[in-house]
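The values are calculated or read from the model by the stated rules, or taken from the named source; none is laboratory data. Quick caveat: nothing in here was measured; it's all calculated off a predicted structure. Here the Cβ is made from the backbone with ideal geometry for all residues, glycine too, and neighbour counts use every protein chain on show.
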Amino acid sequence: MSLSLSSAVTFAPPQDPAVERPLNAPELNAPRITTSSAPQVFAFAAWHSLAWLVFANAIGVLLAAMLLIPSLNGLFDAWTYGRWMPVHLNLQLYGWSSLPLLAFLFKVYAVDREPVAAWSRPVLWVWSSALAIGSVTWITGHSSGKLFLDWTGYSRVLFPLAILATWMLLAYALIRSWNGPEYASPLARAGKIIGLALLFAVPLLLYISASPTLYPPINPDTGGPTGASQLESTLVTIAILLVLPFGLTRRKATRSWPLTVSWTVFFAESILCLGLGRADVSHHRPTQYISLGSLLVWIPLIPTYFAAFEWHPNTRRWRIAFLCWWSLLIPTGWALFLPGILDHFKFTDGLVGHSLLSMAGFVTALLIFVMVQLLGEGGWIFNGTWSFYVWNLSVLAYVLLMSVAGWQEGSHPAFAIVPGTARNIIYALRLLVGVLMFIASADWLIDASKLLREPAYAQIPNARSQIR
Ligand code: HEM
């Protein structure tokens, strides 16, 4: 068994690379050893997620072009719009949107420490490979037919296995760092064990829910989700928002009331949601839209909650961005569900705009904020002024364009199908802002690749060289 230098060091508190002591400190004249590989682990996770974002955005541009010029589909033989669409959606969800959350879990479970850190790269490659194989199945016409649950055939097994591989890495990290300082409190231990137990169910749930025979409750008026299920999924998002800061940073000593208020409101709304049940129910029922309206309270609460924590200065730009998107998403999402408005907008471009507001606006800004916090000084890759404004303003323009198109479509259902001047102008502008979004994301990927070449981010010591 080889004993590397780093194995001689017992666990030290996780160090933000930004606040590591300078190399000329007297005690560091001896060979410098660190137990943390945080910069490399998070930079590599950021690179993977950005690679998927850029690829999925390129497909988005192709989709926008196909919608503007339908004859383009003819150039792709069987690989037409309907085949590319699930690839676009799944890569945005399971690639771009999921990998930063994996990085977050790596932080929470101390995967960024050696010797566990060395396994983070293989696990990220396993995840990305399963996603690549899934994409091949969708583009070749194999899908369960369920949006975001298109996994079918062998990819329906492979992707849950990739999640399981991630779970095993987290479990290994938990065991390795059990006696570390972050497990000093019994609450932290209990939280991480419960978290791991819940995560264990994810691969199985994904496998089961991908079955085409299993359906969630639907709104019989629109064929879409019910008010109760909208509330449920938004509360899951809010739960993630409330938990995130605890894994990323520490609380400001002076401010505890926003936490008490937020968690109390969260539990009250969860009880309300349970009371609404999971039956098929119309959005014309006042209980549905009034209870969904209870989410409006989170517009001021979430910014207040996040202000109660300490954040790396590099996060400022994206923190403001995700909070702005949040303040736009909640009231517009609720308004869209109201009787009269939903009836006009359902299954039109208006909802495409809303999806983009949610995913490309709010979720993307939130994920970048999380990655900047994890990367610390390395977070510069997301802070270019040009790409920041181009991305956010393009998403805003996209949402406005699709809202106008959706409203027209609600009045004249043929609007989006039959090419006409107004429709073509809107679709051409959507293509243009799509290209701008693609360029902004490519800029982040180029910078992430540069970051990986910086000495501090380049190498994680090989797992074999670590003591087991
Ligand atoms: C270059 C950037 C992008 C372009 C050009 C683009 C383009 C498109 C197009 C053309 C559609 C199909 C709309 C239709 O069926 O009429 C679509 C749907 C969608 N895209 Fe993208 N997209 C981009 C980025 C993103 C990003 C970053 C996300 C998420 C993080 C995302 C999530 C979605 C979702 C959720 C839908 C489904 C909308 C719905 O049917 O409700 N897209 N996108």
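Scanning the stretch 394-425 for residues that are touching a residue at least 40 places away in the same chain (Cβ under 8 Å) and among the aliphatic types (A, V, I, L, M), which turns out farthest from Ile341 (Cα to Cα)? That would be Val395.
Could you check how many residues of the stretch 431-444 are within 9 Å of Tyr398 (Cβ to Cβ) and within 7 Å of the ligand (Cβ to nearest atom)? Selection size over the stretch 431-444: 2. Pairing residues of the stretch 94-110 that are free of Cβ contacts under 8 Å to residues at least 12 places away in the same chain with residues that are of a type outside the set (Val, Ile, Thr), at Cβ distances under 6 Å and at least 6 apart in sequence or on separate chains, gives no pairs at all. From the list Phe369, Phe362, Phe388, the lone residue that is out of contact with any Leu (no Cβ under 8 Å at 6 or more places or on another chain), within 26 Å of Leu295 (Cβ to Cβ) and either surrounded by fewer than 17 Cβ atoms within 10 Å (Cβ to Cβ) or at pLDDT 95 or above (or both) is Phe369. A single entry from Val111, Val61 fulfils the requirement of being part of a loop (DSSP other than H, G, I, E, B) and of a type in the set (Val, Ile, Thr): Val111. Within the stretch 63-81, residues that are touching a residue at least 12 places away in the same chain (Cβ under 8 Å) have Cβ atoms under 8 Å from residues that are aromatic (Phe, Trp, Tyr) and surrounded by fewer than 18 Cβ atoms within 10 Å (Cβ to Cβ) in these pairs: Leu63/Tyr81; Met66/Tyr81; Leu67/Tyr81, counting only partners at least 6 apart in sequence or on another chain.
Considering only residues of the stretch 82-93 that are in contact (Cβ under 8 Å) with a residue 24 or more places away in the chain and within 8 Å of the ligand (Cβ to nearest atom), which is surrounded by the fewest Cβ atoms within 10 Å (Cβ to Cβ)? Per the criteria, the residue is Leu93.
So, Leu296, is that one more than 30 Å from Ala188 (Cα to Cα) and touching a Gly at 6+ places or on another chain (Cβ under 8 Å) or not?
It is false that Leu296 is more than 30 Å from Ala188 (Cα to Cα) and touching a Gly at 6+ places or on another chain (Cβ under 8 Å).
Of the residues making up the stretch 270-279, none is under 30 Å from Tyr154 (Cβ atoms) and modelled with pLDDT of 90 or more.
Residue count for the stretch 182-204 under the criterion of being over 18 Å from Gly247 (Cβ atoms) and loosely packed, with under 12 Cβ neighbours inside 10 Å: the result is 1.
Among the residues here, Thr137 does not qualify as farther than 26 Å from Ile194 by Cα and part of a loop (DSSP other than H, G, I, E, B). Restricting Gly406, Gly379, Gly353 to residues that are more than 10 Å from the ligand (Cβ to nearest atom) and more than 15 Å from the chain's Cα centre (by Cα) narrows the list to Gly379. Considered as a group, the residues in the stretch 217-255 that are closer than 14 Å to Phe337 by Cα, of a type in the set (Val, Ile, Thr) and touching a helix residue (DSSP H, G or I) at 6+ places or on another chain (Cβ under 8 Å) include one that is surrounded by the most Cβ atoms within 10 Å (Cβ to Cβ), and that residue is Thr226. Against the test of being more than 10 Å from the ligand (Cβ to nearest atom) and either within 30 Å of Leu169 (Cβ to Cβ) or of a type in the set (Ser, Thr, Tyr) (or both), the options Ala458, Ala428, Ala397 yield a single qualifying residue, Ala458.
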